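Working notes, beginning with the structure itself.
Laboratory data are not the source of any read-out in this text; all were calculated from the coordinates shown. On a predicted model such as this, the values are computed, not experimentally measured, just so you know.
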Amino acid sequence: MLASPSEPSSEELLARILTSLDDDKAEDVVQIDLRGKTAIGDYMVIASGRSTRQVSSMADKLVERLKQDFGRLSRVEGKDAGDWVLIDTGDVIVHIFRPDVREFYQLEKMWQPAAPAN
């Protein structure tokens with residue numbers, strides 16, 4: 001089934017999200033494939049911003065770009081505080097953190113495959 005212009009595939013959505021974060025100078029961007037692991041989405045993206053202002057700005061711009069490009073409305077949590085913003089686009093879950101908050105929660109470790117034991 002082909003996605004209509006208003007309904008991008010999860011891969012198209014992921015690509016636009018990664019481009020948006022790159023354009024806004026996000027740091028340490030990690031993408032995690034969730035397909036087959038959970039029903040919350042197909043991908044998770046975790047990124048850092050240097051300050052609460054940058055974290056909030058990246059979130060605002062990302063939500064606006066997805067709305068303009070795909071007509072996709074996203075749910076946003078935490079933008080007012082700017083320490084950790086969660087953007088739920090449906091197929092892709094985006095977390096944008098300040099570095100110390102990201103280090104504290106370590107979401108990547110929860111979702112990435114475990115290293116093989118020796």
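Close Lys pairs in the chain (alpha-carbon distance under 26 Å; sequence gap of 8 or more, or different chains): 8. Considering all different alpha carbon pairs of the chain, the Kirkwood hydrodynamic radius works out to 14.5 Å.
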